Amino acid sequence: MNSMNWLRRLYPKTLIARVVVLLAMISVSFLGYNVARLGWSLFHWQAHIWAMSYWTDHHPDPEIPDDQKHLIFVMIDHYEHGKGEAAAQRNLEWCRKFRKISDRYRDDYDNCFRYTWFYPFDHHNDAIMEELSHMAYQGYGEIEMHWHLGAKSGISKENYAEKIQEAIAWYQQFGAMITVDTPPKTAFAYVAGNWDLDASRPGGKGHGLTNQIQVLKEQGCYADFTFSTIGTPTQPSKVNSIYYAEDDPNLPKSYDTGIDVVVGKPIKDKLLIFQGPISITWNGGLEYGAVENDPRFRPERIPKWIDANIHVHGRPEWVFVKIYSHGAQSKEVVLAHDMQWMLKCLKAECSRRDITLHFMTAREAYNVVKAAEEGITGDPEDYRDYTIGKYRNMVETVTLAPERIPAPGASVVAESSQLQHTRKVAHVTLPTVIEATVSRHHDPHLLRD
Ligand SMILES: [Zn+2]
């Protein structure tokens, strides 16, 4: 009874006091809920790996007004339709829908929205590659390497270089990963299957290739686009960065930290790690740069992507945003609605903040990074092909099925029966093809195929 008495004495006497106490209780619960959510989020997303870098590694560059900024927007895809004819049909449908979206949303230089398909070598579907090559020729994007190195792949540290060469040869049949430079160069970007780069899955769960970064670099890989992989042990401790990883061929996860790309300090012999944005809000909301079934796109995510402020140190006016998807598995979401919504909101946000928007592929963004590193200033639009030239399939048709008729005015002649090795391909000068590609994008009849 005594305890009830003191409680009763504490009970507020006036209405105002009661309201104040109620509001205080609501605030404390709200705060408690959000602090708990933040705690859960930090645990779930394995913050012990990355939080230190996230909160302490701030770029020393001064804040730049938005109207001086150029945003280089890159969307990459772990493009996994699978094997066989049904997969090829799904891909045709996917590409048909994508072309419509891409044609509709243009950057500040009237480039259509460009995609980068990281096509898995283990899926090995010739029909899909042929169609993607055709997409590249039409200016819709570029093909790069993805590969799930399972335990059954028979790949070891000793034979990995040889296996990568076999993979490159297969992609190059389709005009991918080989440049139009004279002499042609082998170049490719990489996304690690199962997020497993450089044997970063602990406890023998991954492929165990501790020399992977070194071999990739030696075989022509210009950059890795796997990260972020937040929430998995493969996530590097370094975040929101473009940096170089130095491989220790005997140790796993050599990309955990590295050397930032800095203006005036070019590095040639190390693999570039090109990261996407990460941000966490005080109440535990986490952003990690994916647009797919989960997480879905939301407009409020765009400022977080831009303000992650990923750039080459010393060139803060060129900001890079790399978003990833699994577009085959998420096609209902990505193609039916979210991709268009994302592009619409992105364009609106850039025009509201007066930021110049550029849609680029992985290769083009890399070239802009290298231009920044060499001290180039001005408009990044001019450096899309700065160090690595266009891939062959962007300027030549690789195969020519009956329905694939070149656009009027495109002086490209190509003939192929079945073997890509024996195809006859006429080389054309770049400006002609670029013009032809652009003019086709303006042709409404070709958009509704
Ligand atoms: Zn994958």
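Taken together, the values in this text are just the output of simple stated rules run on the coordinates, not laboratory data. Keep in mind that what you see is a predicted model, and the values were worked out from it rather than measured. Cβ: placed from backbone, ideal geometry, glycine included. Neighbour counts: every protein chain shown.
Has the stretch 73-89 got at least one residue that is surrounded by fewer than 22 Cβ atoms within 10 Å (Cβ to Cβ) and of a type in the set (V, I, T)?
For the stretch 73-89, residues surrounded by fewer than 22 Cβ atoms within 10 Å (Cβ to Cβ) and of a type in the set (V, I, T): absent.
Residues that are more than 20 Å from L286 (Cβ to Cβ): list the helices (runs of 4 or more DSSP H) wholly contained in the stretch 1-87 that include at least 2 such residues.
Details: elements: 2-10, 15-44, 47-56.
Where helices (runs of 4 or more DSSP H) fall fully within the stretch 1-87 and carry at least 2 residues being more than 20 Å from L286 (Cβ to Cβ), they are 2-10, 15-44.
Exactly one of these conditions fails for F98: (1) in contact (Cβ under 8 Å) with a residue 40 or more places away in the chain; (2) surrounded by fewer than 20 Cβ atoms within 10 Å (Cβ to Cβ). Give me its number.
(2)
Just need a number here: residues in the stretch 114-138 that are part of a helix (DSSP H, G or I) and not aromatic (F, W, Y).
The total comes to 11.
For the subset of the stretch 66-115 comprising residues that are out of contact with any strand residue (DSSP E or B) (no Cβ under 8 Å at 6 or more places or on another chain) and among the acidic types (D, E), which member is nearest to H337 (Cα to Cα)?
Among those residues, the one meeting the criterion is E93.
Here's a check for you: in the stretch 301-341, which residue that is within 16 Å of the ligand (Cβ to nearest atom) and in a helix (DSSP H, G or I) is farthest from H70 (Cα to Cα)?
K331
Within the stretch 139-196, work out how many residues are of a type in the set (D, E, K, R) and within 22 Å of K268 (Cα to Cα).
3
Would a scan of the stretch 139-155 turn up a residue that is part of a helix (DSSP H, G or I), out of contact with any Ser or Thr (no Cβ under 7 Å at 6 or more places or on another chain) and free of Cβ contacts under 8 Å to residues at least 24 places away in the same chain?
Checked against the condition, which is being part of a helix (DSSP H, G or I), out of contact with any Ser or Thr (no Cβ under 7 Å at 6 or more places or on another chain) and free of Cβ contacts under 8 Å to residues at least 24 places away in the same chain, the stretch 139-155 yields at least one hit.
Spot the failing condition for K205; the list is (1) out of contact with any Lys or Arg (no Cβ under 9 Å at 6 or more places or on another chain); (2) in contact (Cβ under 8 Å) with a residue 24 or more places away in the chain, and only one is missed.
(2)
Just checking, how many residues over the stretch 169-199 are of a type in the set (S, T, Y) and touching a Phe, Trp or Tyr at 6+ places or on another chain (Cβ under 8 Å)?
Taking the stretch 169-199 as the starting set, the residues that turn out to be of a type in the set (S, T, Y) are 171, 179, 182, 186, 190.
Then keep just the ones that are touching a Phe, Trp or Tyr at 6+ places or on another chain (Cβ under 8 Å); that gives 171, 179, 190.
So the answer is 3.
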